[in-house]
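Rule-based calculations on the coordinates, nothing more; no lab input. What you see is a predicted model, and the numbers here were worked out from it, not measured in a lab. Note that each Cβ is placed from the backbone with ideal geometry, even for glycine, and that neighbours are counted across all protein chains shown.
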Amino acid sequence: MCGLGRWLLAGALAALAAAYWVAWRAPAAGSFHDDAVYLVTAKALAEGKGYRIISLPSEIAQTKYPPLLPLLLAGIWKLAPQFPENVPWLKLVPLLSTVAWLLLSYRLLREEGLEDWIAAWVCCMTAASTWVVHVGTMVLSEAPFSALTAAALLLLRRAERTGGWGQLAAAGVCAGLAFQTRTLGLAMLMAGPAYLALGRKWREAALFGGVAGLVAAPWVWWVLSQPPPASAVEAYYSNENYQGWNVLSNFAWGEKIDIVVSNLTVILFAPGLLAGVPAVSILSLGALAVGLVCVAGMWKQRRTPQVLLLAVYGAMVCAWAWKPTRFAIPFLPLLLWLGVEQLRARPRLRGWAMGVLAAMSAATLGVGLADTVRLGYPTPPIAVSEADSWERMERLIQEIRRSTPENAVLMGNLAPLYYLHTGRKAVRGFAGEPYRLFYAPGRQEARENPLGSADQFWEGLERLGATHWVESPNSTFSEGVHLSRMLEELRRRYPSRFEAAGQAGEAHGVYRMRTERGLGKL
């Protein structure tokens, strides 16, 4: 790397360090729902209550998210048990995992023959993604999963070159730990042995698969040993969610095709969007161009384990009823590597493309930082209502403490957040129908509320024993607008069963509900 390149890299690293500092110091905790679930289970482990979702009234066993991240968080929680004062310490887990992921990715790309300055560019582009800033400074599992997957790939490639059995076994350990972080780690458990077997390295495939399987097995045993949830609402927090939202055993054929095609389209745009190309008007064509170049690079590098892993992983996320942009985050360095490798024979075009992409990424990161300061938490480039700022959420939390008794059972989309900050048990209160939520928003079948009918919804609240409905805008959630519609319909249908308990500003409030089981609690 030349002298100018070193100065540019130093400037980029300084800017990135400042950006991550701002995001790490943002006060929000639990605003993404998933991060609140990780924190709830970490709290349970730290307090000796087992791997359970203690925010729910039933405190069911956690079988949806593997335990490695909560275990790491629980260790910090025991040392600093006061919440939310311990949040900055808890955020160090994803932050340091992000640093490890970027360093491992740099090493992997260098050992794949990429020039040092281009490998540095790939890692800086990855770090500058507002999506990566989001998952790297909130308590989410993407960063540790990404680091472990990168470590598994690096060790696998080294073992392949040197014949080192110890490195191959270590690669299997990392793959198994990645599975213990996110269930999608199953892709590496399949791709690693498959790649080795395709090269007729049968003993190596058996070693990698055996070690990875042994490390992964405790989570499989735990999931299989737990009883199924009692209700569809609780099933959302469990392994049943994966079984009910996959296209292999659910949905009509037309819906299956619609989901897979839509997900494939999203994946094609994902590399550009994650790298900072705005999904606005004609600029979306730039994101598409980045995706097409990456796909061409995949074909060029098709004999590598990285591409086989991307193919297996992509097939898995396409078969699940959820828009997969977020799922592509762990593989952004590999996707950018494939893109620049595809343009290797055209260095002038590659240089221009890298420069334009870096400029777009810097601009998007700047907008993201402004949003972080304004909202109180890092957010990817999606429309977020000002009403969803952390300052207003804190007012709502204070209102919940003031207007509800300690034995109240709250209902709201951000249920685990309410428990963490108030100590009140809380339930999500609904089980959405994913196809109508995410894939058919403007169609006739989507006009019915995808959260169910008002009668079904109320019956569910009765069974759960909910006592208070917590209203918040939820502008970043597809369920948000439907939940507001449901509240309006229930208040209209059952006016005597709803009573305003407190307001906390625009679209924030608490309503006391008179359910049969709930009345017995108060």
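Assuming a ≥ b ≥ c are the square roots of the Cα gyration tensor eigenvalues, decide whether the stretch 264-388 counts as rounded (a/c under 1.5), prolate (otherwise, with a/b larger than b/c) or oblate.
Values: a/c = 2.30, a/b = 1.36, b/c = 1.70.
Judged from the Cα gyration tensor, the stretch 264-388 comes out oblate (a/c at least 1.5, b/c at or above a/b).
Exposure proxy for Arg392, Arg348, Arg402: other Cβ atoms within 10 Å of each Cβ, ordered fewest to most, give Arg348, Arg402, Arg392.
Sorting the segments 250-258, 432-440 by their residues' average number of neighbouring beta-carbon atoms within 10 angstrom, most packed first, yields 432-440, 250-258. Extending 7 Å from Cα along the Cβ direction at Glu489 and again at Thr476 yields two label points whose distance is 2.7 nm. Specify the angular offset, from 0 to 90 degrees and rounded to the nearest 10, of the alpha carbon long axis of helix 116-128 from the longest principal axis of the alpha carbons in the chain. Computed tilt is about 10 degrees.
Filter Lys91/Lys201; Lys64/Lys425; Lys91/Lys425; Lys78/Lys425; Lys201/Lys300 down to the pairs with a C-alpha to C-alpha distance above 29 Å, please. Walk me through the numbers before you get to the answer.
Working: Lys91/Lys201 41 Å; Lys64/Lys425 19 Å; Lys91/Lys425 24 Å; Lys78/Lys425 22 Å; Lys201/Lys300 23 Å.
Cα-Cα > 29 Å for Lys91/Lys201; rest within.
Size of the dipole of the stretch 368-522 about the Cα centre, Lys and Arg at +1 and Asp and Glu at -1 on the beta carbon, nothing else charged, in debye to 20? List each step's numbers first, then the result.
Values: 21 positive and 20 negative charges, 85 e Å.
Magnitude of the dipole: close to 420 debye.
For Lys323, the aspartates and glutamates whose Cα comes closer than 13 Å to its Cα, not counting residues fewer than 8 places off in the same chain, are Asp258.
Residues in the stretch 281-293 carry Karplus couplings, in order, of 6, 5, 5, 4, 5, x, 4, 5, 4, 4, x, 5, 5 Hz; the curve used is 6.51 cos²θ - 1.76 cosθ + 1.60 with θ = phi - 60°, and Gly or Pro positions show x.
Among Val99, Val132, Val280, the order by Cβ neighbours within 10 angstrom, fewest to most, reads Val280, Val99, Val132.
Residues Phe208, Phe498, arranged from fewest to most other Cβ atoms within 10 angstrom of their Cβ, appear as Phe498, Phe208.
P(r) tail for the stretch 386-521, what percent of Cα pairs lie past 20 Å? Percent of Cα pairs beyond 20 Å in the stretch 386-521: 43.
For the stretch 22-375, the relative contact order is 18 percent, taking Cα pairs closer than 8 Å that sit 6 or more residues apart in sequence and dividing their mean separation by the residue count.
For Rg and Dmax of the Cα atoms in Å, computed directly from the structure shown, the correct entry in [x] 23.5, 74; [y] 24.3, 99; [z] 23.8, 79 is [x]. Relative to one another, the C-alpha centroids of the stretch 152-175 and the stretch 464-510 are positioned 52 Å apart.
Counting only DSSP beta bridges whose two residues both lie in the stretch 386-521, roughly 65 percent are antiparallel.
Here the chain carries DSSP beta bridges of which approximately 70% are antiparallel, counting only pairs with both residues inside. Rounded to the nearest Hz, the phi-derived 3J(HN,Hα) couplings of the stretch 51-62 under the Karplus curve 6.51 cos²θ - 1.76 cosθ + 1.60 (θ = phi - 60°) are 8, 9, 8, 6, 6, 7, x, 7, 6, 5, 5, 7, where x marks glycine and proline.
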